[in-house]
1. Sorting 477, 634 on the 10 Å Cβ count, fewest up front, what's the list?
2. Find how many whole Å separate the alpha carbon centroid of the range 346-414 from the alpha carbon centroid of the range 429-489.
3. When the Kirkwood hydrodynamic radius is evaluated over all pairs of different C-alpha atoms of the range 220-323, what value in angstrom, to one decimal, is obtained?
4. Which peptide among 601-612, 103-114 comes first, and what is the full order, when sorted by highest mean count of other Cβ atoms within 10 Å?
5. Taking every eigenvalue of the Cα gyration tensor of the range 410-462, multiplying by 5 and rooting it, what semi-axes result, largest first, whole Å?
6. State, in angstrom, two size descriptors of the range 330-446 derived from its alpha carbons: Rg to one decimal place and Dmax to the nearest whole number.
7. Which order, highest average first, do 139-152, 361-374 follow once you tally other Cβ atoms within 10 Å for each residue and take the mean per peptide?
């Protein structure tokens, strides 16, 4: 393979300069049907989406030559080989390259752009929203493209053995042995699909055309029965033929099989079927394009089509502009309590700048809670395995709703309540992943969004009613949330409550239960309320009422420049092949035998843990260096007077 550039923001495959010898003519190879893999890569044909002072637009088609210069015709109707003079091509910065003269862009294969347009029919693709979404995405160190939160169909993986589940920085491209080879196939030009379209197979022998039946469905017009079946998945619709003879003729229904290929159908990505009006051709096409039988190019198309659908759904969410929400004024109160993702500052000149992890805000909205509040609406989106909260609606009995962020009626969940006491939140580095609404009496809703594998906090829970909300958003989601509780009750306000470590901190895997004693004096002085995105992780290794303590056989640690984590190991009787880990421990690097042996069976227990901190000097006053990081840990045990000290260099004794 040739040197490659950045990865397409839609499919995740890199842009290659070439895959064959320079003597090959590009246009000729593009026409050679047997070289469909080479054709697409050589086409490299990149389109770029740009935002400038006048808005966002897509360029024409450029061809990557392996250099750091990206040249494209600005006219979207032109290609690199159709311009008369090279001066008609403009150099524009893309992806990781810094913004220049107010311009910056993100790249897609031309093939992927055409698939995106097709997936967006008939309403089209909101280009400006697409750009704002891309500008809000991180570029992980191990991947030369943007990270949406999904794996691009098994192209990426998170090193979860060395990193926490929420750490975007640890995403990297999968090794060749795990690589999805379908992703190399041209998703638009598929010769096998052409053969299927022109040589349809007949239905299986033995099928008998029948419209008979004496059940309740037989009383309905056939057209209505076709309509009913059209709303069902194909498997369920065909099973319906076994339950009711009134649906036997469904096998030869043009209306039914055509519904499989509409823009909302389960085979929408096979858009070649939308113009077919013959039941035999439609049935043949459906059978031949099922995932298990589909040619590699079509499987790749389905992979990209699914991602395109996610992007379009998010881009079409309604942004709460001045006509849709009531924006309050920032309060002078010091009673604001805030929680946000790993928020990065914007440049002073407001230029786009690179994110390798975390998030960056584009807007803050203050919403006053209506006096006649009757409910809350929360909108979420799903990006593969991740959910994000995108918008919040405060619903008033008088109909004067107040909205912040991005909302969608199809993705909004509404809960009725008359008093808002805050939120339990699951906050990732990229923003708000899930929340629970807390009402009067501390009662909370179920999780809205998926909270698994995300640090959680009760910081935004108040004993008094919440008077105002501050919602911070980026290009497509909520990245920060703050509450201003009612200050009138002076006896015990929420600010005082929130300063306890249990209530204020961001915890993984969840907020510790009240039965756990937290020694707040052992913390290093960092304030969870002021020190940014600093999740605290914990493990419960003793089991219920300490039943697992007798099975502990040892403790080991991992260190590299600093202490990374600890591992509690158990005997075989506990039936725990995987030891419990605290911190970023890699089982690949930890020693097989315990470094510090503990005879749990004989009653030996850890009775003392102390830590050593290494402080540093910081020119910008960063709290991390001011309070230091963990340098060493000393563990002692009862009965046997065991003692072990771990330092950055390893075990001392």
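Read the figures in this text as sums done on the coordinates, not as results from a lab. Model, not experiment: these values are computed from the prediction. Cβ sites come from the backbone with ideal geometry, for glycine too, and all protein chains shown count toward neighbours.
1. So the residues, fewest neighbours to most, are 634, 477.
2. The range 429-489 and the range 346-414 have Cα centres spaced 11 Å from each other.
3. It works out to 15.3 Å.
4. In descending order of packing, they fall as 103-114, 601-612.
5. 19, 14, 8
6. So, for the range 330-446, Rg and Dmax equal 15.6, 47 Å respectively.
7. Put in order of decreasing packing, that is 139-152, 361-374.
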